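Read through the structure below, which is laid out as structure tokens, and then see the notes.
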Ligand SMILES: C[S@@+](CC[C@H](N)C(=O)[O-])C[C@H]1O[C@@H](n2cnc3c(N)ncnc32)[C@H](O)[C@@H]1O
Ligand code: SF4
């Protein structure tokens with residue numbers, strides 16, 4: 001199997017048939033499926049207490065509200081038509097920030113703050129002020145802190161952009177998905193290129209230098225033609241970054257996805273054609289293809305980090321953030337520490353109840369073993385670089401040649417099929433291997449068998 005697989009329908013069908021399994025997206029290793037309630041508040045408090053003074057941390061704040069619920073949405077959010085629930089949530093976020101302050105031994109510097117959702121632009125400018133003031137009590141927010149946010153275009157105002165920019169907003173990610181009216185009707189989401197252009201204009205005018213647009217493939221009634229038409233339209237805005245996410249259809253986890261007519265969903269070969277043709281077009285327009293689903297202009301930090309081997313992968317996707325600690329706030333937020341991961345209670349009611357009891361609202365987590373760190377590093381390099389030097393990974397983790405051979409043995413089936421090349425411990429994903437990167441990583445994942453069936457399709 002080689003790059004020709006993309007042109008050879010039979011080889012392509014074979015590839016899809018064999019790898020149409022369900023593999024994780026590896027935004028962490030072990031993945032969230034491995035988190036257990038055994039690792040809870042006590043572990044979280046210990047890890048916070050062990051944070052070395054002056055070591056910079058990154059922050060994540062989850063805002064689980066939207067003005068409406070798009071039928072395809074896989075995020076932890078809910079639709080609200082009044083502001084009261086948002087205001088009440090902000091009140092509880094302030095409690096969480098205070099509790100974090102009590103658990104931390106010092107006031108750690110914070111160089112990055114990411115707002116995710118849901119729709120963070122549902123927070124009012126006054127609420128942004130209050131949250132930043134509270135965060136500043138607990139964290140030493142650096143003068144050039146990189147504030148990033150996800151944005152739902154129809155809910156954005158120019159005033160909001162100005163308020164966020166005053167707090168250091170440097171990067172914004174807007175959802176566009178697909179501009180075809182037929183697709184939009186099938187997922188109950190509207191949006192025009194004019195609306196996106198207006199938002200991008202406000203952001204650039206306020207000095208937000210890095211703009212990302214989220215696009216999707218694999219939505220109901222989506223075709224390669226309407227995917228490329230969407231790309232042509234968004235290219236007129238010349239965003240610094242673009243994400244192209246494959247629709248993950250998991251109606252057993254997200255019941256509102258049952259509203260989507262399954263017979264209108266494109267099949268594996270059509271999905272692949274949409275994503276690969278879209279990628280070709282973006283590359284032809286000068287974007288660098290990054291990892292599983294990102295594209296960036298060559299001088300964007302993400303592309304520079306890729307070229308320099310510094311690209312990282314975390315819960316927000318591909319990133320240049322090198323901090324060892326990520327502190328998550330809000331319902332369902334995930335935090336990462338050198339010792340392991342913790343996830344807050346997902347349901348807002350439970351998260352709120354824990355805070356009312358004066359507890360840090362952790363639901364579950366995982367403590368990293370040495371083996372996890374070793375395999376996690378290999379998986380992260382493969383997800384970022386499509387290559388890994390196993391000798392470097394082994395040396396960094398004090399591993400023997402036998403461990404190197406063990407990983408190579410796991411990858412051997414992919415080598416035999418021409419999806420990777422392996423020479424002297426240097427592994428490179430080649431040809432159509434890029435399309436099955438999640439499955440390649442799953443071969444190294446010690447826990448993967450137990451997870452079968454709980455992830456969206458790898459292709
Ligand atoms: C929190 S949302 C982005 C901001 C904003 N809420 C919006 O929709 O414009 C993050 C992104 O996840 C992607 N997404 C949502 N549900 C998905 C799913 N089921 N499968 C794949 N990607 C999905 C969409 O591209 C969406 O823009
Ligand atoms: S895609 Fe964005 S706006 Fe739509 S429901 Fe999900 S988080 Fe909300």
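The values are calculated or read from the model by the stated rules, or taken from the named source; none is laboratory data. From a predicted model like this one, the values you see are computed outputs, not experimental measurements. Cβ placement follows ideal geometry from the backbone for every residue including glycine, while neighbour counts extend to all protein chains displayed.
Considering (1) within 16 Å of ligand 2 (Cβ to nearest atom); (2) at pLDDT below 95; (3) crowded, with 21+ Cβ neighbours inside 10 Å, the lone condition that residue 249 does not fulfil carries the number (3). Listed conditions (1) within 27 Å of residue 260 (Cα to Cα); (2) within 16 Å of ligand 1 (Cβ to nearest atom) are all met by residue 60, apart from (1).
Residues of the range 171-186 that are away from ligand 2 (no atom under 16 Å from the Cβ) and either closer than 25 Å to residue 300 by Cα or crowded, with 22+ Cβ neighbours inside 10 Å (or both): 171 alone. Screening residue 126 on (1) within 16 Å of ligand 2 (Cβ to nearest atom); (2) surrounded by fewer than 20 Cβ atoms within 10 Å (Cβ to Cβ) shows it passes everything except condition (1). All but one of (1) modelled with pLDDT of 95 or more; (2) surrounded by 19 or more Cβ atoms within 10 Å (Cβ to Cβ); (3) away from ligand 2 (no atom under 16 Å from the Cβ) hold for residue 61; which doesn't? So the condition that residue 61 fails would be (3). Return yes when residue 100 is assigned by TED's automatic domain parsing to the domain that holds residue 50, touching a helix residue (DSSP H, G or I) at 6+ places or on another chain (Cβ under 9 Å), in a strand (DSSP E or B) and in contact (Cβ under 8 Å) with a residue 12 or more places away in the chain and no when it is not. No, not satisfied. Does any residue of the range 373-392 turn out to be more than 29 Å from residue 434 (Cα to Cα) and in contact with a helix residue (DSSP H, G or I) (Cβ under 7 Å, 6 or more places away or on another chain)? Looking through the range 373-392, none of the residues is more than 29 Å from residue 434 (Cα to Cα) and in contact with a helix residue (DSSP H, G or I) (Cβ under 7 Å, 6 or more places away or on another chain). Got a number for residues in the range 273-304 being part of a helix (DSSP H, G or I) and more than 20 Å from residue 225 (Cα to Cα)? Looking only at that region, the number is 4. Restricting attention to the range 232-245 and to residues that are within 15 Å of ligand 1 (Cβ to nearest atom) and in contact (Cβ under 8 Å) with a residue 60 or more places away in the chain, the residue that is nearest to residue 176 (Cα to Cα) turns out to be 243.
Looking only at the range 161-170, decide whether some residue is free of Cβ contacts under 8 Å to residues at least 12 places away in the same chain and away from ligand 2 (no atom under 11 Å from the Cβ). Yes: the range 161-170 contains one or more residues that are free of Cβ contacts under 8 Å to residues at least 12 places away in the same chain and away from ligand 2 (no atom under 11 Å from the Cβ).
At least 3 residues being within 16 Å of ligand 1 (Cβ to nearest atom) is the threshold, and among the helices (runs of 4 or more DSSP H) wholly inside the range 111-228 those reaching it are 158-166, 181-187, 193-205. For residue 155, the conditions (1) modelled with pLDDT of 95 or more; (2) within 25 Å of residue 81 (Cα to Cα) are fulfilled apart from (1). With respect to the conditions (1) away from ligand 2 (no atom under 16 Å from the Cβ); (2) loosely packed, with under 15 Cβ neighbours inside 10 Å; (3) at pLDDT 95 or above, residue 44 lacks only one, and its number is (2). For the range 328-366, a residue qualifies if it is without any contact (Cβ under 8 Å) to a residue 60 or more places away in the chain, over 17 Å from residue 35 (Cα atoms) and part of a loop (DSSP other than H, G, I, E, B), and exactly one does: 357. Exactly one residue out of 207, 218 is surrounded by 17 or more Cβ atoms within 10 Å (Cβ to Cβ) and on the phi > 0 side of the Ramachandran plot, and it is 218.
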